[in-house]
Amino acid sequence: MRWLAALALCVACKQKAEPPPPPAPVLPATEIKRAQDACHAYVDKVCGCAQTQPALQEPCKLARALPDALQVGLEVGASTDSTRRDVVQTQDSVRKIAKECIEQLAKLPAAGCS
């Protein structure tokens, strides 16, 4: 009889629903806008300077992918199919891309691009 009671308790514990995971964090709209603006500004500036400075032609080619990579990250992060882990990782990726755009834009004057 005791083992039956213990078994019933074990079954009840297993049937207990786990609490839902915490909601995935959301990037603020201002942060998204700042990232998009930074990447577009970098592409415009480096590609504009590449017309007169051949050394910037390769950075221009590479820079053109940054806004697209940013957009893909934002879409994955906003997808209802994405897990919390996916959302956190894509938000980290979006922040790294934005950081790269800002840093590369800041380096352009030293490369002779004003």
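The values are calculated or read from the model by the stated rules, or taken from the named source; none is laboratory data. Everything numeric in this text was worked out from a predicted model, so none of it was measured. Cβ coordinates were reconstructed from backbone atoms using ideal geometry, including for glycine residues, and neighbour counts include every protein chain displayed. Protein only, heavy atoms only, side chains kept; ligands, DNA and RNA dropped before computing areas. Shrake-Rupley method; radii C 1.70, N 1.55, O 1.52, S 1.80 Å.
A few comments on the model shown:
- The chain, relative contact order in percent, only Cα pairs under 8 angstrom and at least six apart counted: 31 percent
- A 1.4 Å probe over all protein chains sorts LYS45, LYS96 by accessible area into LYS96, LYS45, starting with the largest.
- Rolling a 1.4 Å probe across the protein heavy atoms gives the chain an accessible surface of 73 Å² per residue.
- Within a Gaussian network of the chain (alpha carbon springs, distance under 10 Å), most fluctuating of CYS101, CYS39, CYS49: CYS49
- Once the Cα-Cα distance is subtracted from the 0.36 nm per residue extended length, the LYS61 to HIS40 segment shows a gain of 6.2 nm.
- Averaged over residues, the count of other Cβ atoms within 10 Å places the peptides 80-86, 26-32 in the sequence 26-32, 80-86, highest first.
- Given +1 at the Cβ of Lys and Arg, -1 at the Cβ of Asp and Glu and no other charges, the dipole of the stretch 40-114 around its Cα centre is 180 debye to the nearest 20.
- Percent accessible area from carbon and sulfur atoms, the chain, protein chains only, probe 1.4 Å: 61 percent
- Helix content alone sets the calculated 222 nm mean residue ellipticity of the chain: runs of n ≥ 4 DSSP H residues at -39500 (n - 2.57) each, divided across all residues, give -23500 deg cm²/dmol.
- Farthest toward positive dipole pole in the chain [+1 Lys/Arg, -1 Asp/Glu at C-beta], among GLN53, ALA63, PRO21: PRO21
- Choice from GLN51, GLN91, GLN71 showing the highest fluctuation, given a GNM over the chain with Cα pairs closer than 10 Å: GLN51
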